[in-house]
Amino acid sequence: MEGSNHDNNKTFPIGETPQETSSLNVPKSYEISPANRASLNPEIADVVIIDLAGLDDPLKRPIIVKEIGNACRETGFFQIINHGIPQIVLNDALESAFNFFNLPTNEKEKYMSNDVHKPVRYGTSIKDGEDKIQFWRVFLKLYAHPLSEWIKQWPSNPPDYREKTGDYAMKTRLLAIKIIGAITESLGIGPKYLESKMEDGMQVLAVNCYPKCPEPHLALGLPPHSDYSCITIVLHSSCGLEIMDATNGTWQLVPDVHGALQVHIGDHVEVLSNGLYKSMVHRVTVNNEKTRVSIASLHSMGIDEKMATAEKLITDEHPKNYKESSFRDFLNFLSSNDITDGKSFIESLKIN
């Protein structure tokens, strides 16, 4: 195993990356600049927990919609309980993810690709070796809607992977449509504003594995970024996600709430809301005690459907601040930019 003294710009082929081979050190190509490193004793974030139990009750719905609107305005992030997805489904999805990442490398390499447009893609870091800084991450990206169209391309090993991950994906998608309805209602543009476009829209699962890291203070699992989705729903096995406190720029660790799911507001809702709601900037830290898995379900409109700011939210006082953009526009941005340089898709859309 190469030491960290003589591999400044070394890149590793999939299967031989330090995060896959239980390296005893963090190579230079993975080292985050000192100013951007994570604390080993981070402050714990005070995250809003929203109980969705009454969302279909006409008397309780307005209260929950208001809570969601407040969370979108203040941080762009919240956790949800009583979301309707049984704990067994959550457990099975995480177990399937662990089982996939524990397969021999030659099984996982079948899905290896650096083409960000591929519907099923296994890789490491963000774009395998193309980024200036590498990240302590292994991932499997899966297109998931329509499920019947994509599931045949998903891994057939482990044998129950498609069934268990597919069940979670389907239930998460229905939940996402309900949450997006509450978000648009909270903006004053009605619960059905995006419904038909989301029904026909994209769902991408980013199944992430962050193996144990020998020097967690030197590396990150993912750099600071916001999601290109309308919303992202995240299930994780343990803590590791950090969110930025926009008031002072400090990073705070999201606490683990058993059975809860995390909801990130994505770039497209920021565009839709004309900046009233902000997409959440977050990053992923690593640890030296246990491997962490997360399943991020990203929900957006169709691949070429452009998200535009709602006309009702454009006024003389609040002129239009964002260009229209689609999921494909984001993929093109990702393939031609190094997001580790701090280039952000949402910044590229701002008009003023």
What number goes with the only condition from (1) under 28 Å from Gly275 (Cα atoms); (2) open to solvent by 50 Å² or more (accessible area, probe 1.4 Å) that Val47 does not pass?
(2)
Counting residues that are within 18 Å of the chain's Cα centre (by Cα) and not aromatic (Phe, Trp, Tyr), which helices (runs of 4 or more DSSP H) fully inside region 50-129 reach at least 1?
61-74, 87-101
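Confirm whether Lys66 is within 30 Å of Pro214 (Cβ to Cβ) and either in contact (Cβ under 8 Å) with a residue 12 or more places away in the chain or hydroxyl-bearing (Ser, Thr, Tyr) (or both).
Considered against the rule, which asks whether it is within 30 Å of Pro214 (Cβ to Cβ) and either in contact (Cβ under 8 Å) with a residue 12 or more places away in the chain or hydroxyl-bearing (Ser, Thr, Tyr) (or both), Lys66 comes out as no.
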Residue count for region 163-175, restricted to those that are closer than 18 Å to Leu103 by Cβ and open to solvent by 80 Å² or more (accessible area, probe 1.4 Å)
1
Could you tell me which numbered condition Ala38 fails, if it satisfies all but one of (1) open to solvent by less than 50 Å² (accessible area, probe 1.4 Å); (2) assigned to a loop (DSSP other than H, G, I, E, B); (3) over 16 Å from Gln134 (Cα atoms); (4) not aromatic (Phe, Trp, Tyr)?
(3)
Is there a residue being open to solvent by 10 Å² or more (accessible area, probe 1.4 Å), farther than 17 Å from Ala296 by Cα and of a type in the set (D, E, K, R) anywhere in region 137-152?
yes
Any residue in region 34-47 that is at positive phi sitting within a Cβ distance under 9 Å of a residue that is part of a strand (DSSP E or B)? List the pairs, counting only those 6 or more apart or interchain.
none
Quick one: in region 285-323, which of the residues that are outside any loop (DSSP other than H, G, I, E, B) and open to solvent by 50 Å² or more (accessible area, probe 1.4 Å) is farthest from Ser348 (Cα to Cα)?
Lys312
Lone qualifier among Ile189, Ile183, Ile133 - being modelled with pLDDT of 95 or more, open to solvent by 10 Å² or more (accessible area, probe 1.4 Å) and in contact with a helix residue (DSSP H, G or I) (Cβ under 7 Å, 6 or more places away or on another chain)
Ile189
With closer than 27 Å to Ile63 by Cβ and outside any strand (DSSP E or B) as the only criterion, which of Glu215, Glu185 stands out?
Glu185
Would it be correct to say that Glu74 is among the acidic types (Asp, Glu), out of contact with any strand residue (DSSP E or B) (no Cβ under 6 Å at 6 or more places or on another chain) and more than 30 Å from Gly249 (Cβ to Cβ)?
no
For region 85-100, does any single residue satisfy the condition of being open to solvent by 50 Å² or more (accessible area, probe 1.4 Å), of a type outside the set (A, V, I, L, M, F, W, C) and touching a Phe, Trp or Tyr at 6+ places or on another chain (Cβ under 8 Å)?
yes
Within region 68-83, restricting attention to residues that are touching a Leu at 6+ places or on another chain (Cβ under 6 Å) and on the phi < 0 side of the Ramachandran plot, which residue is surrounded by the most Cβ atoms within 10 Å (Cβ to Cβ)?
Ile80
Might you let me know whether region 242-252 holds any residue that is of a type in the set (A, V, I, L, M), closer than 30 Å to Gln87 by Cα and open to solvent by less than 10 Å² (accessible area, probe 1.4 Å)?
no
So Ala206, is it in contact with a Lys or Arg (Cβ under 6 Å, 6 or more places away or on another chain) and open to solvent by less than 10 Å² (accessible area, probe 1.4 Å):
yes
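The values are calculated or read from the model by the stated rules, or taken from the named source; none is laboratory data. This structure is a prediction, so every number in the text was calculated from the model and none was measured. Heads up, the Cβs are rebuilt from the backbone with ideal geometry, glycines too, and the neighbour counts pull from every protein chain shown. Each accessible area value is taken on the protein alone, full model and side chains, heavy atoms only, with ligands, DNA and RNA left out. Shrake-Rupley method; radii C 1.70, N 1.55, O 1.52, S 1.80 Å.
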